[in-house]
Amino acid sequence: MSANKDLTNLVFDDENLQKPDPFSVFTQWLEEAKISEINDANAMALASVDKDGLPDCRIMLLNGMEKNGFVFYTNTHSAKGEEIALNPKACLLFHWKSARRQVRIRGELKPVPAAVSDAYFATRPRGSQIGAHASKQSSSLQTRQELAARVEKLTAEFAGSDVPRPEHWMGFVLEPVQIEFWQNGEFRLHDRMVYTRQNPNYPWQTRRLNP
């Protein structure tokens, strides 16, 4: 798919519809979003379901891509970590407002190898590494000073040494079975194309959707 200066007018044509490679389309859209968006083009909504079947959603950052999926990192003691443990299926939503595009990705979540989490954690700013230890994510916090005190204590504790990755901080890869691309159209006649497959071992099937 060729780049277009006016991203709002770019639509899929029949030739692109027949190319079963949603990862390459997503990669191009993400690269174009890095130009069109003010910041955090890799921001995404992650939707999961809790133990009562109640949907939950929050904004996160996409931290990488693999051959079969989309990678992010989180605290497994957090609300989303507990929801993922109970039901390892989720939906990602990217919305690039300036480009008037969105991508919905649905699939199963699997943990990345510990060595991969270690390697990524090592690239994070030192303050973020300490924060991963200090924050008891999603649990109650009496005062901001309580968190600041833990950060101060851990900063002193790790002084002069590398900050190890906490066992509860790790990465997940969402292996998609459905990826839908949405492009804004005039008079709300949007262009929608969806890729589906039974599982990551099956080929992609493509079809258009009504707006």
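Given the options Asn75, Asn201, Asn63, state which has the largest fluctuation in a GNM of the chain using a 10 Å cut-off (strictly under) for Cα springs.
Between Asn75, Asn201, Asn63, it is Asn201 that shows the largest mean-square fluctuation.
How far is helix 144-157 tilted, in degrees, relative to the longest principal axis of the Cα atoms in the chain, given as a value from 0 to 90 rounded to the nearest 10?
70
Rule-of-thumb check for segment 87-211: C-alpha Rg over 2.2 N^0.38 Å? Walk me through the intermediate numbers first.
On the way: Rg = 20.7 Å, N = 125, 2.2 N^0.38 = 13.8 Å.
Working it through for segment 87-211, the quotient is 1.50.
How far is helix 22-36 tilted off the main Cα axis of the chain, in degrees rounded to 10, range 0 to 90?
Approximately 70 degrees, to the nearest ten.
Compute and list, largest first, the equivalent-ellipsoid semi-axes of segment 138-180 from the alpha carbon gyration tensor, each √(5λ) rounded to a whole angstrom. Don't skip to the end; give the middle numbers.
Values: eigenvalues 211, 67, 11 Å².
In descending order, the three semi-axes are 32, 18, 7 Å.
Only loop residues by DSSP count here, and only those with at most 16 other Cβ atoms within 10 Å; note down the chymotrypsin sites (Phe, Trp or Tyr not before Pro) in segment 87-177 that meet that. Spell out each step's value before the answer.
Numbers: sites: Phe94, Trp96, Tyr120, Phe121, Phe158, Trp169, Phe172; in loops: Phe158.
Within segment 87-177, the qualifying chymotrypsin sites (Phe, Trp or Tyr not before Pro) (loop, at most 16 other Cβ atoms within 10 Å) are Phe158.
Test of understanding: ordering Phe23, Phe70, Phe187 by Cβ neighbours within 10 Å, fewest first, what list do you get? All intermediate terms of the calculation are to be shown ahead of the outcome.
Details: Phe23 17, Phe70 26, Phe187 6.
The most exposed by this proxy come first: Phe187, Phe23, Phe70.
Please list, short to long, the whole-number percent of alpha-carbon pairs of segment 53-141 in consecutive 5 angstrom bins beginning at zero.
Histogram of Cα-Cα distances, whole percents per bin: 3, 10, 20, 23, 20, 15, 8, 1.
Of all the stretches in the chain, which is the longest one without any exposed loop site, taking trypsin sites (Lys or Arg not before Pro) in a DSSP loop (any state but H, G, I, E, B) with at most 15 other Cβ atoms within 10 Å?
137-211
Net charge near Cys91, counting Lys/Arg +1 and Asp/Glu -1 over other residues with Cβ under 9 Å of its Cβ?
Numbers: positive: Lys89, Arg104, Arg106; negative: none.
That sum, taken over residues with Cβ under 9 Å, equals +3.
Which whole-number percentage describes the relative contact order of the chain, with Cα contacts under 8 Å and a sequence gap of 6 or more? Walk me through the intermediate numbers first.
Details: 347 pairs, mean separation 49.2, N = 211.
So the answer I get is 23 percent.
Which aspartates and glutamates have a Cα less than 12 Å from the Cα of Lys51, not counting those fewer than 8 places away in the same chain?
Hits, sequence-local ones excluded: Glu82, Glu83.
When volume of the Cα convex hull per residue in Å³ is calculated directly from the model, which label among [x] 113; [y] 154; [z] 132 fits?
From the options [x] 113; [y] 154; [z] 132, the structure gives [y].
List, in the order given, every pair from Lys110/Lys136; Lys67/Lys136; Lys89/Lys136; Lys110/Lys153 whose Cα-Cα distance in the structure shown is over 28 Å. Display every interim value, and only then the final one.
Details: Lys110/Lys136 23 Å; Lys67/Lys136 32 Å; Lys89/Lys136 24 Å; Lys110/Lys153 33 Å.
Exceeds cut-off: Lys67/Lys136; Lys110/Lys153.
Net charge near Ala79: determine it from the other residues with C-beta under 9 Å of the C-beta of Ala79, scoring Lys and Arg +1 and Asp and Glu -1.
With Lys, Arg at +1 and Asp, Glu at -1, the net is -2.
Grab the other residues whose beta carbon is less than 14 angstrom from that of Ala156, score K and R as +1, D and E as -1, and report the net. Intermediate values should be presented prior to the final figure.
On the way: positive: Arg126, Arg150, Lys153; negative: Glu152, Glu157.
Taking every Cβ under 14 Å from that of Ala156, the sum is +1.
With springs only between Cα atoms under 10 Å, which of Val116, Val177, Val194 fluctuates most in a Gaussian network model of the chain?
Between Val116, Val177, Val194, it is Val116 that shows the largest mean-square fluctuation.
What percent does the relative contact order of segment 138-211 come to when contacts are Cα pairs within less than 8 Å and at least six residues apart?
Details: 64 pairs, mean separation 14.4, N = 74.
This gives 19 percent for segment 138-211.
What's the magnitude of the charge dipole for the chain around its Cα centre, counting Lys and Arg as +1 and Asp and Glu as -1 at the beta-carbon? Answer in Debye, nearest 20. The partial results should precede the final answer.
Values: 26 positive and 26 negative charges, 44 e Å.
Using only the charged Cβ atoms, the result is roughly 220 debye.
Using amide H atoms built 1.01 Å from N in the peptide plane, name the residues 5+ places from Gly185, or on other chains, whose amide H lies under 5 Å from its own.
The answer is His190, Asp191.
Under 10 Å, Cα contacts only: if you run a Gaussian network model on the chain, which one of Leu92, Leu30, Leu154 comes out with the highest mean-square fluctuation?
Comparing Leu92, Leu30, Leu154 in a Gaussian network model of the chain, the most mobile one is Leu154.
Where a number appears in this text, it was derived from the coordinates with a stated rule and is not lab data. A quick note: this is a predicted structure, and the numbers were derived from the prediction, not measured. Note: ideal-geometry Cβ built from the backbone for every residue, glycine included; neighbour counts use all protein chains shown.
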